[in-house]
Amino acid sequence: MVLSGAGDSLGYRQGSWEFNLSGPDIHMELQKLGGLKKITASLPNWPVSDDTVLHLATAEALATGKTEEELMHEVAARYVEGMKDMNGRAPGNTTILSVSKLRPGKKNGCRVPYNPRGAGCGAAMRSMCIGLR
């Protein structure tokens, strides 16, 4: 998980590399920075993206030991809290909309209707830790 966060921080580069569609441009900028060995991925210049924030939220919920519906409400609560840490990050519209519908602790408050227009791979990036449990 630590290496995933470090890799995310590097690939994200405060959004400038995550949303740059030109690999050669990224490589050129990396060379201007002195190459990968010259980079120290630390705050404030190398924050993690929204995906790592919510991956950690998933892991923290799993670490509580809760199961079934109680666990789902815990994940929902952690996601709602995690969305407060999105300043300077770029969560997608599907994430923003889905988390805004969560109501942890309320009946069906951890359930969000399926969105047929949802896209991206955020769910995969935020669920890597499930296998650890």
Check: Taking into account only those residues within the range 30-45 that are part of a loop (DSSP other than H, G, I, E, B), of a type in the set (A, V, I, L, M, F, W, C) and closer than 16 Å to Gly15 by Cα, which is modelled with the lowest pLDDT?
Finding: Ala41
Checklist line | Whichever residue in the range 13-29 is surrounded by 11 or more Cβ atoms within 10 Å (Cβ to Cβ) and not in a helix (DSSP H, G or I) and, among such residues, is farthest from the chain's Cα centre (by Cα) | finding: Asn20
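Restricting the search to the range 46-88, which residues are outside any helix (DSSP H, G or I) and surrounded by fewer than 20 Cβ atoms within 10 Å (Cβ to Cβ)?
At the first step, the residues of the range 46-88 found to be outside any helix (DSSP H, G or I) are 46-49, 63-67, 86-88.
Matches in the range 46-88: Trp46, Ala63, Thr64, Gly65, Lys66, Thr67, Met86, Asn87, Gly88.
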Checklist line | Where Gly5 falls short, out of the listed (1) within 15 Å of Pro91 (Cα to Cα); (2) in contact (Cβ under 8 Å) with a residue 40 or more places away in the chain | finding: (1)
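Do we find a residue being of a type outside the set (S, T, N, Q) and either touching a Ser or Thr at 6+ places or on another chain (Cβ under 9 Å) or over 21 Å from Met1 (Cα atoms) (or both) anywhere in the range 56-66? Explain how you work it out, then say what you get.
At the first step, the residues of the range 56-66 found to be of a type outside the set (S, T, N, Q) are 56-57, 59-63, 65-66.
So of that shortlist, the ones also either touching a Ser or Thr at 6+ places or on another chain (Cβ under 9 Å) or over 21 Å from Met1 (Cα atoms) (or both) come out as none.
Scanning the range 56-66 turns up no residue that is of a type outside the set (S, T, N, Q) and either touching a Ser or Thr at 6+ places or on another chain (Cβ under 9 Å) or over 21 Å from Met1 (Cα atoms) (or both).
The values are calculated or read from the model by the stated rules, or taken from the named source; none is laboratory data. Because the structure is a prediction, the values reported are computed rather than measured. Ideal geometry is used to build each Cβ from the backbone, glycine not excepted, and the neighbour counts take in all protein chains shown.
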